[in-house]
Amino acid sequence: MKVYKFGGASVKDAAGVKNVASIIQKYGEKDLVVVVSATGKTTNALEVVIKAYFDNTDAKAAFEVVKKNHHTICLELFGNETHEVFDKLQNIYAEVDWQLEEDRKESYNYVYDQIVSQGELISSVILSAYLNEVGVKNSWLDVRDVMKTDDTYREAVVDWKQTQSLMNSVVKPLASGSIVVTQGFIGCTAENCTTTLGREGSDYTAAIFANMLDAENQTIWKDVPGVMNGDPRVFEDAVFIDEISFNEAVEMTFYGATVIHPKTIKPLQNKNIPLLVKSFINPEGKGTIVGGSDNNLPPIRIVKNDQALITLHTKDFSFVEDEIVAEIFSSFSKANLKLNMMQQGAISFEAVVDNIPEKIEKVKAALQNQFDFSIDEKLTILTIRHYTNFEYINKFKNDRNAILEQRRLSTYQGLLA
Ligand code: ADP
Ligand code: ASP
Ligand code: MG
């Protein structure tokens, strides 16, 4: 069994869908699960629909934009509106329109998942239909029938046991000697409500399939040749890396290398399933093997923008001792806000986090009786793994002032203003 994952960029238009179909036709004849994301920027467009719904502006008009984009893709792929794919999409659209008429405004995260999840349903219906059209027989699977989660909407946690059991009974027979096309990013609660696994979560979905199906390997098809030693959009001199270990990949993703979703590595490493990062633009390219060795790794640079530095000062000049630190950590954990960097002083504690105002507000509410709370925004974390010397670090700071710096043998991190 093999697992392929195609992200939004690969299916952003009709030419993209045709290219993906040709890759599947050429490299993935059978025993294959294909996980697909929403087309192009559809998830962002659906977030606009959700915003309009909660702002009581014209959500339906915002949704028309999504429909129109897919209509254009389908007309180019299937020629005219007589193809059955148009009816299938109409059913999905009707569901959304119906939801937009409902008044469920009390639970933002719930509504968010019901609507944003439709992007993957739409793209997978289109890809599956197009594959059938060009003679690549496949079964479309509603991933919600197998990917069972808790009800933490927008950041659902997978019920590993139940999902494994459904993978065995449903997916294994369906994919055996055949091709299954399904959705990334989405799941389903025991009460049959749709959930999502967190933005950009389709790589993770694919890794769950690979783990549970004991796949030979997983390929994520991207718009880059493979893993590079920095985002080529940020670093003009970024070079391609042939292979890296699971360990290095998990470190890179932890610090914010967006080429692989951070949750992707663990399920693969746990079963020693190699991850291939390949280019859908140049599928003949060899791609990067994750799960190999780290021979001659170049320094790897990771930039994480939109960071906030939260400074907590004890109001009564208490020292920041263990119990207080425990309380601080607990508040961040309850708000589901990850600490990207931190530093403890005598009567202060500094935490660097992604600037997510609603989560920061929760932390503030929990701690403001005990601490004076201040925030600096618009900061960047520069992480360099395997830096050679300080000159190398300075080159990439670009004359920006580092307000917090941490250096270990293998990793430099600077918070840049
Ligand atoms: P998907 O289409 O699967 O959602 P993403 O856009 O999330 O793909 O990931 C691919 C992008 O990741 C590339 O276009 C590139 O800009 C970015 N990227 C960030 N860090 C790296 C890196 N170290 N190597 C390669 N690409 C990187
Ligand atoms: N479509 C989702 C997103 O844009 C999931 C993904 O692409 O991985 O976040
Ligand atoms: Mg993505």
**OP:** Consider N56 carefully, then state whether it is at pLDDT below 95 and either surrounded by 14 or more Cβ atoms within 10 Å (Cβ to Cβ) or at positive phi (or both).
**Re:** yes
**OP:** Give just the number: which of (1) under 27 Å from E155 (Cα atoms); (2) in contact with a Gly (Cβ under 6 Å, 6 or more places away or on another chain) does K364 not satisfy?
**Re:** (2)
Original post:
For region 206-227, which residues satisfy the criterion of being within 12 Å of ligand 1 (Cβ to nearest atom) and over 18 Å from the mean Cα position of the chain (by Cα)?
Top reply: P225
**OP:** Could you please tell me which pairs satisfy a Cβ distance under 8 Å, a separation of 6+ or placement on different chains, a first residue in region 33-59 that is under 15 Å from H70 (Cβ atoms), and a second residue that is of a type in the set (D, E) and outside any loop (DSSP other than H, G, I, E, B)?
**Re:** V36/E120; S37/E120; A38/E120
Original post:
Any chance region 179-198 includes a residue that's in contact with a Leu (Cβ under 7 Å, 6 or more places away or on another chain), within 15 Å of ligand 2 (Cβ to nearest atom) and among the aromatic types (F, W, Y)?
Top reply: yes
**OP:** Tell me which residues, restricted to region 93-104, are under 17 Å from V65 (Cα atoms), surrounded by fewer than 16 Cβ atoms within 10 Å (Cβ to Cβ) and in contact with a helix residue (DSSP H, G or I) (Cβ under 8 Å, 6 or more places away or on another chain).
**Re:** E95, D97
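Yes/no matrix, rows are residues, columns are (1) within 16 Å of ligand 3 (Cβ to nearest atom); (2) part of a helix (DSSP H, G or I); (3) modelled with pLDDT of 95 or more; (4) touching a Ser or Thr at 6+ places or on another chain (Cβ under 8 Å):
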residue	(1), (2), (3), (4)
V125	no, yes, yes, no
R144	no, yes, yes, yes
M167	no, yes, yes, no
V170	no, yes, yes, no
G187	no, no, yes, yes
Q218	yes, no, yes, no
W221	yes, no, yes, yes
P232	yes, no, yes, no
**OP:** Output the residue which, of all residues in region 286-338 that are in a helix (DSSP H, G or I) and among the aromatic types (F, W, Y), is surrounded by the fewest Cβ atoms within 10 Å (Cβ to Cβ).
**Re:** F329
**OP:** Would you mention how many residues in region 184-201 are of a type in the set (V, I, T), away from ligand 1 (no atom under 16 Å from the Cβ) and either in contact with a helix residue (DSSP H, G or I) (Cβ under 8 Å, 6 or more places away or on another chain) or over 15 Å from V111 (Cβ atoms) (or both)?
**Re:** 2
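The values are calculated or read from the model by the stated rules, or taken from the named source; none is laboratory data. No experiment lies behind these values; they were computed from the predicted model shown. A quick note on method: Cβ atoms are made from the backbone with ideal geometry, for glycine too, and the neighbour counts reach across all protein chains shown.
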